[in-house]
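To keep things clear, I will list the structure first and then write my remarks on it.
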Amino acid sequence: MPVLYISAFVCALITAWVMAHLIGHFASAVDPSVMHIDAAHGAMFGFVCWLGFAAPTSYATAIFTGTPKQKWLIDSSYNLVSFVLAGLIIAVWR
């Protein structure tokens, strides 16, 4: 059981690390003098990352594995919340 929690934590850490690099890259690309994004933009960034990467990928997997749509919705909602929170926290932290 501890291996499952450690694995989930490492996956979340990797996701947050990549999001932090993307937020930093986009913030400096828009205006190099501005390295800060506010909480609302961070949350929106998390939502867009979820919408563009996590939701379609997990939905395609659910279709091919025969996962019920309700289960996909629950799992995907968890991902949505974690992506939005990660984006918000990273934006405020930077």
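The values are calculated or read from the model by the stated rules, or taken from the named source; none is laboratory data. Please read these numbers as outputs of a predicted model, since none were measured by experiment. Just the protein is used for accessible areas: all its heavy atoms, side chains included, with ligands, DNA and RNA removed. Shrake-Rupley method; radii C 1.70, N 1.55, O 1.52, S 1.80 Å.
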Restricting attention to the stretch 1-58, and to residues there that are among the polar types (S, T, N, Q) and over 15 Å from the mean Cα position of the chain (by Cα), which single residue is modelled with the highest pLDDT?
7
How about the stretch 58-94: which of its residues are hydroxyl-bearing (Ser, Thr, Tyr) and open to solvent by 90 Å² or more (accessible area, probe 1.4 Å)?
65, 78
